[in-house]
Structure formats: C-alpha cells, structure tokens
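Remarks on the structure that follows.
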C-alpha cells in the first residue's frame, strides 16, 4: 500500500511540475510565448518590406542602366524634366491652378480723361 501511495505522490509531483513548466513556457521567463509570436510577426513584416525595397532597388538600377546605355531614355528625361525641345518643335505646358481663397486682382485702370 505504501508503494501505491508513493507512486501517486510521484505522479502528482510530476503533474504539478509539468503544469509549472507549461505555465513558465507560456507566460513566465524572460520571453513568453506571446513575445515569440510577436517577434515572428515582426520578422515576416520586415521580410515583406525587404522584398518591396529589393523590387524598388531593381527598378532603380534598371532605370540607371537605361540612362547610361539608351539615348532614348536620356532624351525622355531631358524633355520631361527640363522641357527640352528640338528646334522645329513648340513646347506647350499645362499648369493646374490651385484653389485660391482670395479673388484675382483686377487689372490696373488706365488714366484716360473722359
């Protein structure tokens, strides 16, 4: 009978130790399971950001390469950014007017006697 009581006591101690280890794994210690999950999410987020940045960098490198080797790309930049035109062309620019809170000024009146 004493052997059965010792086995029950050993099982109870093992069960309590197992529950304590589970609690320590989930909520105790320096880093909890929730911290681990949060860090894994941050890693995935940073990997996705890194992939986006790598795609942007590849596009920039391709554009830089085309500027070095392609005269059409250089002409396009000169036309779009700097308004360059060929001698036989006319440059037309469209400018959007922003919302103005004050009314436009009236033109000055000429001093003409009546």
Checking the condition over 30 Å from residue 93 (Cα atoms) and either within 29 Å of the chain's Cα centre (by Cα) or modelled with pLDDT of 90 or more (or both), which residue from 17, 59 passes?
17
Can you confirm whether the range 79-88 contains a residue that is surrounded by 10 or more Cβ atoms within 10 Å (Cβ to Cβ), part of a helix (DSSP H, G or I) and at pLDDT 75 or above?
yes
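The values are calculated or read from the model by the stated rules, or taken from the named source; none is laboratory data. Quick caveat: nothing in here was measured; it's all calculated off a predicted structure. We place every Cβ from the backbone using ideal geometry, glycine too, and count neighbours over all the protein chains shown.
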